[in-house]
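Undergrad: My structure is below; once you've seen it, I'll send some questions.
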Amino acid sequence: MNAVSPLSPTASADLRVQLGRLALPNPVLVASGTFGYAREMEQVVDLSRLGGIVPKTVTRQPRTGNAPWRTVETPAGMLNSIGLDNDGIDSFLAHHLPYLATLGSPIIVSIAGRTAEEFVEMSAQLSAMAGAAAVELNISCPNVSGGVDFGTSPLMCERLVADCRAACMLPIIAKLTPNVTSIAEIARAAEAGGADAISLINTCQGMAIDWRRRRPILGNVIGGLSGPAIKPIALRCVYQAAKAVKTPLMGIGGIATLDDVMEFLIAGASAVQLGTVNFYNPTVSISVLDGLPASIASLGAHSVSEIVGTLQTDK
Ligand SMILES: Cc1cc2nc3c(=O)[nH]c(=O)nc-3n(C[C@H](O)[C@H](O)[C@H](O)COP(=O)(O)O)c2cc1C
């Protein structure tokens, strides 16, 4: 029997994806803040197989982050208020990017500025260095004051993306927050600014309380909820953004299985980033990748691009 059955493990599919000017070998990436600077993962994951790696967000100056506690486990995910703890972009360029660039997987450098000037300055710095495949603008971190304005104001978002694009030769990705009234409106602004792709979503604002002590558990009081609990929110955001823009999307939020990945692709994401799942199953990206061709073939398709945004609704 020569025919390949729909769920055959030997099924093949073209996994390559094109996000604006950014070409990726496959649509399975790891999300910022959940994979460190990849060194810690080298022993357990074949990093060269990933569709891309988004290291922890870097800022212009070093940041010590928020007071403890910074993470809390929740029934279907976690809350964090790390507060962009990092050594600053100069240290990143000197110590982390040269290593990351050797891994054989596209490196998408995530940056966050307190001001538009800082975003632009860092984009220009990355443009002048070898090693980064693209820049992801983290305009959505709920754990620092100021920065999130770029992700909640359409006008600021559009201007910021346009300014970074003008200052930087690399593809520009805008990472959006779900903590807005209309995700479609912000996605349109990122598109108008010239984003090559839009990543969504960052964490949803949440909090945890120790009622006996009448105290918040997080040092920063409010943090960002991630993990399986937010998957339906993220799917809804991807679906709404896909209807609003032509810019390719990267789905993020509670993705933990191959079925989750397929749901995001069908909803309209051209690629996905796996986040919180890396803390409890760091090799999951590879097993998802192994199963992806068979799932695509089971829909009668031969490539990722054939199934992106093919959700059928009666609306
Ligand atoms: C501990 C932790 C740290 C994070 N740090 C960052 C960060 O530095 N930059 C960023 O853009 N997103 C950060 N995120 C958000 C994730 O990249 C992702 O957008 C979010 O967690 C939703 O995906 P998930 O549910 O798969 O984790 C962080 C998430 C967690 C849980």
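Undergrad: For the chain, set up a GNM with springs between Cα atoms under 10 Å and report which of M156, M169, M129 has the largest fluctuation.
TA: So, out of M156, M169, M129, the one fluctuating most is M129.
Undergrad: With +1 on each Lys and Arg Cβ and -1 on each Asp and Glu Cβ, how big is the dipole of the stretch 1-115 about its Cα centre, in debye rounded to the nearest 20?
TA: Dipole of the stretch 1-115, to the nearest 20 debye: 320 debye.
Undergrad: List, in order, the whole-Hz ³J(HN,Hα) value for each residue of the stretch 254-267 obtained from phi through the Karplus relation with A = 6.51, B = -1.76, C = 1.60 and θ = phi - 60°; use x for Gly and Pro.
TA: So the Karplus estimates, Gly and Pro as x, are x, 6, 9, 9, 4, 4, 4, 4, 4, 4, 5, 5, 5, 5 Hz.
Undergrad: Probe 1.4 Å, all protein chains in place: accessible area of R215 in Å², nearest 10?
TA: 130
Undergrad: Once phi is turned into θ = phi - 60°, what whole-Hz ³J(HN,Hα) does the Karplus curve with 6.51, -1.76 and 1.60 give for every residue of the stretch 128-137, x standing for Gly and Pro?
TA: Once rounded to whole Hz, the list reads 7, 10, 7, x, 8, 8, 6, 10, 9, 7.
Undergrad: Report the semi-axes of the equivalent ellipsoid for the stretch 196-261 in whole Å, largest first, where each axis is √(5λ) for an eigenvalue λ of the Cα gyration tensor.
TA: 30, 13, 9
Undergrad: Sticking with this structure for a sec: Using a cut-off of 17 Å between alpha-carbon atoms, which lysines can reach K246, once sequence neighbours fewer than 8 places away in the same chain are excluded?
TA: K175
Undergrad: Could you work out Rg/(2.2 N^0.38 Å) for the chain, with Rg from alpha carbons only?
TA: With N residues counted in the chain, Rg over 2.2 N^0.38 Å equals 0.96.
Undergrad: Could you give the length gained on full extension between Q43 and H95, defined as 0.36 nm per residue of separation minus the Cα-Cα distance, in nm? Before the final figure, lay out the partial values.
TA: Numbers: separation 52, 0.36 × 52 = 18.72 nm, distance 1.91 nm.
Net length gain for the segment: 16.8 nm.
Undergrad: Okay, next question. Between P216, P62, P178, which gets the highest mean-square fluctuation from a Gaussian network model of the chain, Cα cutoff 10 Å?
TA: Checking each option, the largest mean-square fluctuation is seen for P216.
Undergrad: A follow-up question, please. Could you compute how much accessible surface Y280 exposes when probed at 1.4 Å, giving the result in Å² to the nearest 10?
TA: Using a 1.4 Å probe on the heavy atoms, I get roughly 140 Å².
Undergrad: Another question about this same structure. Identify the residues of the stretch 21-60 with backbone N under 12 Å of a label point that sits 7 angstrom from the Cα of T283 along the Cα-to-Cβ direction, or state none.
TA: 43-46
Undergrad: What Kirkwood hydrodynamic radius do you get for the stretch 53-175 when you take the inverse of the mean 1/r over all pairs of distinct Cα atoms, in Å?
TA: 14.9
Undergrad: If the reach is capped at under 16 angstrom between alpha carbons, list the lysines near K315, excluding any in the same chain fewer than eight residues apart.
TA: Output for K315: K243.
Undergrad: I've got another one for you. Mind listing the long-range amide H neighbours of V17? Cut-off is under 5 Å, sequence gap 5 or more, other chains count too, H placed in the peptide plane at 1.01 Å from N.
TA: Under 5 Å from the amide H of V17: L24, N26.
Undergrad: Search the structure for amide H atoms under 5 Å from the amide H of L249, placed 1.01 Å from N in the peptide plane, and list their residues when 5 or more places away or on another chain.
TA: Those lying under 5 Å, H to H, from L249 are I198, S270, A271.
Undergrad: Now, a different point. May I ask you to rank K246, K175 by accessible area, largest first, using a 1.4 Å probe over the protein chains only?
TA: Greatest to least solvent exposure: K246, K175.
Undergrad: What does a probe at T102 reach in the stretch 27-64, counting residues whose amide N is under 15 Å from the point 7 Å along Cα→Cβ?
TA: The answer is 38-43, 47-48.
Undergrad: Right, another one. Might you tell me the accessible area per residue for the chain, computed with a 1.4 Å probe and given in Å²?
TA: For the chain, the per-residue accessible area is 44 Å².
Undergrad: Using the Cβ atoms and a cut-off under 14 Å, what net charge is assigned to the surroundings of S303, where Lys and Arg are +1 and Asp and Glu are -1? Each step should come with its number before you reach the end.
TA: Details: positive: R16; negative: D14, E306.
Around S303, the surrounding residues sum to -1.
Undergrad: How much length is gained on full extension from R21 to T310, taking 0.36 nm per residue of separation minus their Cα-Cα distance?
TA: Using 0.36 nm per residue and subtracting the Cα-Cα distance, I get 101.8 nm.
Undergrad: Now, a different point. Carbon and sulfur atoms: what percent of the 1.4 Å accessible area of the chain do they account for?
TA: 54
Undergrad: Sticking with this structure for a sec: Taking amide H atoms as placed 1.01 Å from N in the peptide plane, list the residues 5 or more away in sequence, or in a different chain, whose amide H sits under 5 Å from that of V144.
TA: Amide H neighbours of V144: none.
Undergrad: Sticking with this one: Please turn the phi angles of the stretch 293-306 into ³J(HN,Hα) values with the Karplus equation 6.51 cos²θ - 1.76 cosθ + 1.60 (θ = phi - 60°), one per residue in order, whole Hz, x for glycine and proline.
TA: Taking θ as phi minus 60°, the curve returns x, 5, 5, 5, 5, 5, 8, x, 9, 10, 8, 4, 4, 5 Hz for the stretch 293-306.
Undergrad: Summing +1 for each Lys or Arg and -1 for each Asp or Glu, what net charge is found among the other residues whose Cβ lies under 12 Å from the Cβ of R165?
TA: Its environment carries a net charge of -2.
Undergrad: Another one. On full extension of the chain, what length is gained from T115 through H302, given 0.36 nm per residue of separation minus the C-alpha to C-alpha distance?
TA: 62.9 nm
Undergrad: Among P154, P75, P98, determine the one that fluctuates most according to a GNM of the chain built with springs between C-alpha atoms less than 10 Å apart.
TA: Looking only at P154, P75, P98, the largest GNM fluctuation is found for P75.
Undergrad: What does the charge count near R21 come to, summing +1 for each Lys or Arg and -1 for each Asp or Glu among other residues with Cβ under 15 Å from its Cβ?
TA: Taking every other residue near R21 into account, the sum is 0.
The values are calculated or read from the model by the stated rules, or taken from the named source; none is laboratory data. For clarity, every value in this text was computed on a predicted model and none was experimentally measured. Note that we place each Cβ from the backbone using ideal geometry, even for glycine, and neighbour counts take in every protein chain shown. The accessibility values were calculated without ligands, DNA or RNA, using every heavy atom of the protein model including side chains. Shrake-Rupley method; radii C 1.70, N 1.55, O 1.52, S 1.80 Å.
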